[in-house]
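This report concerns only the one structure given below.
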Amino acid sequence: NKKVVNSLKFSLATSPESIKKEIRNTNASYIYFAKYEDYIEILAFPPESISADLKKVYENANAQIWEIGNK
């Protein structure tokens with residue numbers, strides 16, 4: 001029953017601060033990245049430069065899921 005927010009801002013961000021801002025604006029608890037054949041979504045910056053509370057909790061051939069801790 002949670003709202004899903006679609007955003008490319010995590011993959012296309014120009015700075016770690018812009019990702020932090022998107023996390024605050026969406027109040028997200030998780031970030032989901034899709035993988036389709038040659039198309040792979042990823043974080044635009046290393047997770048440690050965004051937040052110490054950002055942790056990868058799942059990955060397979062089709063997706064990556066990151067949990068956002070303290071916002």
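Structure data summary
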item: Matching residues in segment 45-71 - criterion: being among the basic types (Lys, Arg) and in contact (Cβ under 8 Å) with a residue 24 or more places away in the chain; result: LYS71
item: Helices (runs of 4 or more DSSP H) lying entirely in segment 1-70 (those with 2 or more residues that are open to solvent by less than 80 Å² (accessible area, probe 1.4 Å) and charged (D, E, K, R)); result: 16-26
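The values are calculated or read from the model by the stated rules, or taken from the named source; none is laboratory data. None of these values were measured; they are calculated from a predicted model. Cβ atoms come from the backbone with ideal geometry, glycine included; neighbour counts cover every protein chain shown. When the accessible area is computed, the model is the full protein with side chains, heavy atoms only, and any ligands, DNA or RNA have been set aside. Shrake-Rupley method; radii C 1.70, N 1.55, O 1.52, S 1.80 Å.
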